[in-house]
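To start, the structure under review is shown below, and the notes come after it.
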Amino acid sequence: MATDYYAILGVRRDASQDEIKKAFRRLARELHPDVNPDPKTQERFKEINAAYEVLSDPEKKQVYDLGGDPLSASGGGFGGGGGFGNFSDIMDAFFGTASQRGPRSRTRRGQDAMIRLDIELPEAAFGTTKDIQVDTAVVCNTCNGEGAAPGTSAQTCDMCRGRGEVSQVTRSFLGQVMTSRPCPQCQGFGTVVPTPCPECAGDGRVRSRRNLTVKIPAGVDNGTRIQLAGEGEVGPGGGPAGDLYVEIHELPHSTFQRRGDDLHCTVTIPMTAAALGTKVHLDTLDGREEVDIRPGTQSGQSIPMHQRGVTHLRGGGRGDLIVHVEVVTPQKLDAEQERLLRQLAKLRDEERPQGQFQPGQQGLFSRLKDAFNGR
Ligand SMILES: [Zn+2]
Ligand SMILES: [Zn+2]
């Protein structure tokens, strides 16, 4: 046996359901990711959830006690090591009804839940903690998850005498055949709850709004899902909780566009500044920085600022920030400006330039190339 579920919950092998439940609740409170976000503790939290999922379910517990693994096996049939027990098992094997034996458990694992969380680019780049509210199913305090009104308890079903199924003998060409079907009075649970809990109508859980603090690691992107073990819905009958997934949705940023872990922005500068060089200020994620536009900068040229992008989710380091330069040619010139420009053109012998032709569209081509390189 690889995992000792009893040891994980710290209970004896002959512990009652009540003792198992108490041990689980105590550990769950102690190791809850809210209280203790340490990854090792979260791993242990998953373990106690798995242990409780098995030991709180009479069927799975039986499979486990017989040496099987109820969390990996399909859980049904003869896989549990019981083998062909009696005549009805053999009949079931022939007629394909061997999937379930005995009463169903009222305790089941809760469903996983997912919520979407909007975050800003700087939060994605550096990580953050967020307080979120989730509407989820929690254990009903009135009945402690049992589903029975206080002072009452579930009773053995008198129709199936707790077996959860009723048998019927029918005649066929083979002779007499016995078939079983789930008990209609108790829906196969083997017990009935005569007076359901008024708070939860017998479900053992109620809806409640909870506040959670979620740690968002640096480097998350659109669609990244953060798993919070055991923060989903509590199962029916006080069963172990499912997991909660927080799906990240990154809000657009006013200056930067994110591609992978790199950030891109465009700066427009006048023709004269591109020719003479200049320095511009840019509010990066790390604060205001100076971008050096060298003399002779061309439109479409890009200036990389290393390690100014988003932190890599796995492994250290960060992406780059790439500033794309767009040179603006003046559209309206007054007489004096035109005179000076013509004078400059004459000085540079550019009064009648022939131009240089080459195939394709230079600006678009370089942008496409950048896109292919992930820039
Ligand atoms: Zn209740
Ligand atoms: Zn019944």
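The values are calculated or read from the model by the stated rules, or taken from the named source; none is laboratory data. Only a predicted model underlies this, so the values are computations on that prediction, with no experimental measurement involved. Note: ideal-geometry Cβ built from the backbone for every residue, glycine included; neighbour counts use all protein chains shown. Ligands, DNA and RNA are stripped out before the accessible areas are found, and what is left, the full protein with its side chains, is counted by its heavy atoms. Shrake-Rupley method; radii C 1.70, N 1.55, O 1.52, S 1.80 Å.
Mean-square fluctuation check for the chain, GNM, Cα pairs under 10 Å: which of Asp243, Asp262, Asp18 is largest?
Asp18
Rounded to the nearest 5, what is the percent of antiparallel bridges among the DSSP beta bridges in the stretch 257-352?
Here the share of antiparallel DSSP bridges comes out near 65 percent.
With a bin width of 10 angstrom, please list the P(r) values of the chain as percents of all Cα-Cα pairs, from the 0 bin to the one holding the largest distance.
4, 16, 19, 15, 12, 10, 9, 7, 5, 3, 1, 0
Over the stretch 260-307, what is the relative contact order in whole percent, taking alpha-carbon pairs under 8 Å and six or more residues apart?
Computed over the stretch 260-307, the figure is 31 percent.
Working with all protein chains in place, sort Thr268, Thr142 by solvent-accessible area computed with a 1.4 Å probe, largest first.
Output order, biggest surface exposure first: Thr268, Thr142.
Quick check: net charge around Gln155, other residues with Cβ under 15 Å of its Cβ, Lys/Arg +1 and Asp/Glu -1?
+1
Take the alpha carbon atoms of the stretch 257-352, find their radius of gyration, then divide it by 2.2 N^0.38 Å using N residues; give the quotient.
Taking the Cα Rg and dividing by 2.2 N^0.38 Å, one obtains 1.42.
Write out the trypsin sites (Lys or Arg not before Pro) in the stretch 124-198 meeting two conditions: DSSP loop, and at most 13 other Cβ atoms within 10 Å of their Cβ.
Arg161
Pairs Lys22/Lys130; Lys60/Lys130; Lys46/Lys130; Lys22/Lys46; Lys61/Lys215: which exceed 28 Å Cα-Cα?
Long pairs (Cα-Cα over 28 Å): Lys22/Lys130; Lys60/Lys130; Lys61/Lys215.
Determine the share of the chain's accessible area contributed by carbon and sulfur atoms, expressed in whole percent, with a 1.4 angstrom probe.
Answer for the chain is 50 percent, counting heavy atoms of protein chains only.
What range in the chain is the longest one free of chymotrypsin sites (Phe, Trp or Tyr not before Pro) that are in a loop by DSSP and have at most 12 other Cβ atoms within 10 angstrom?
The reported range is 174-356.
Looking only at the chain, where both bridge partners belong to it, what percent of the DSSP beta bridges are antiparallel (to the nearest 5)?
So the antiparallel bridges amount to about 75 percent of the total.
Could you identify which residue out of Ala51, Ala15, Ala218 has the top mean-square fluctuation in a GNM of the chain using Cα springs shorter than 10 Å?
Its mean-square fluctuation being the largest, the pick is Ala15.
For the stretch 214-271, what is the convex hull (Cα atoms) projected area averaged across all directions, in square nanometres?
5.4
Say the dipole of the stretch 253-307 comes from +1 at the beta carbon of Lys and Arg and -1 at that of Asp and Glu; which of Thr255, Met305, Leu276 then lies farthest toward its positive end?
Leu276
Using heavy-atom solvent-accessible surface (probe 1.4 Å) with all chains present, what is the largest-first order of Leu333, Leu121?
Order by accessible area, largest first: Leu333, Leu121.
Within a Cβ distance under 12 Å of Ala241, other residues only, what is the Lys/Arg minus Asp/Glu net charge?
+1
With the convex hull built on the Cα atoms of the stretch 128-274, state its orientation-averaged projected area in nm².
Its average projected convex-hull area is 17.5 nm².
Check the chain for me: any Cys whose beta-carbon has no other cysteine beta-carbon within less than 4.7 Å?
Flagged as lacking a Cys partner: Cys265.
Quick one: compute the contact order of the stretch 120-179, relative version, from alpha carbon pairs under 8 angstrom and 6+ residues apart, as a percent.
Relative CO of the stretch 120-179 lands at 13 percent.
Based on the alpha-carbon gyration tensor of the stretch 1-42 and its eigenvalue square roots a ≥ b ≥ c, which shape applies: rounded if a/c is under 1.5, prolate if not and a/b is larger than b/c, or oblate?
Note, shape of the stretch 1-42 comes out oblate.
Report, by chain and number, residues whose modeled amide H sits under 5 Å from the one on Val328, excluding near sequence neighbours (fewer than 5 apart, same chain).
Hits under the 5 Å cutoff: Ile269, Met271.
Explain nothing, just the number: relative contact order of the chain, from Cα pairs under 8 Å at least 6 residues apart, as a whole percent.
Worked out over the chain, it gives 15 percent.
Quick one: what are the phi-derived ³J(HN,Hα) couplings along the stretch 311-318, Karplus 6.51/-1.76/1.60 with θ = phi - 60°, whole Hz, x for glycine and proline?
4, 5, 4, 10, x, x, x, 9
Report the local net charge at Asp57: Lys and Arg +1, Asp and Glu -1, summed over other residues whose C-beta lies under 9 Å from its C-beta.
Within the 9 Å Cβ shell, the charges total +2.
Averaged per residue, what accessible surface does the chain expose to a 1.4 Å probe, in Å²?
61
Looking at the chain as a GNM with Cα springs under 10 Å, which of Ser56, Ser167, Ser105 has the largest mean-square fluctuation?
For the chain, modelled as a Gaussian network with Cα springs under 10 Å, the answer is Ser167.
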